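A.B. asks: One structure, pasted below without further comment.
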């Protein structure tokens, strides 16, 4: 026979479980939204800095992965990732240009 107390305990447990599911669903939704935002930024930076050369594309992808990893180490990855991504992409582009100039100078010297 259920006492009034047992019914109340079960009811409280059901409410807690329902709230926990609601909070979990909200957290999952927020995380998915954040991941989508970061992916959108990554794609925009890839388009902005894309190069027809395969090795530069791989370097850009690595730079963006590094920026993302650094951003996730902060409390606000969604705020820092766009800035870090552009800085890393620009740095990778400048490095590739320097390498191209060095190769040209080396070829000119060898002739």
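None of the figures in this text is laboratory data; all of them are computed from the coordinates on show. Being a predicted model, the structure only gives us computed values, none of them experimental. We place every Cβ from the backbone using ideal geometry, glycine too, and count neighbours over all the protein chains shown.
A.B. asks: Once fully extended, how much extra length lies between residue 37 and residue 21, figured as 0.36 nm per residue of separation less the alpha-carbon to alpha-carbon distance?
C.D. replies: On the way: separation 16, 0.36 × 16 = 5.76 nm, distance 2.42 nm.
Answer, rounded to one decimal: 3.3 nm.
A.B. asks: Can you tell me the Rg and the Dmax, both Å, for the Cα atoms in the chain?
C.D. replies: Every Cα atom of the chain included, Rg and Dmax give 25.5, 99 Å.
A.B. asks: Any idea how far apart residue 11 and residue 106 come out in nm if each label point goes 7 Å out from Cα toward Cβ?
C.D. replies: Result for the modelled spin labels: 7.9 nm.
A.B. asks: Give me 49, 109 ranked fewest to most by other Cβ atoms within 10 Å of their Cβ, as a rough exposure proxy.
C.D. replies: Least crowded to most crowded, the residues run 109, 49.
A.B. asks: Hey, can you rank 60-68, 72-80 by average C-beta count inside 10 Å, highest first?
C.D. replies: With the highest mean Cβ count within 10 Å placed first, the list reads 60-68, 72-80.
A.B. asks: With everything on Cα atoms, drop me the angle between helix 54-72 and the longest principal axis of the chain, reported from 0 to 90° to the nearest 10.
C.D. replies: Value to nearest ten degrees: 40.
A.B. asks: Can you tell me the orientation of helix 4-49 relative to the chain, as the angle in degrees between its alpha-carbon axis and the longest Cα principal axis, to the nearest 10?
C.D. replies: 10 degrees
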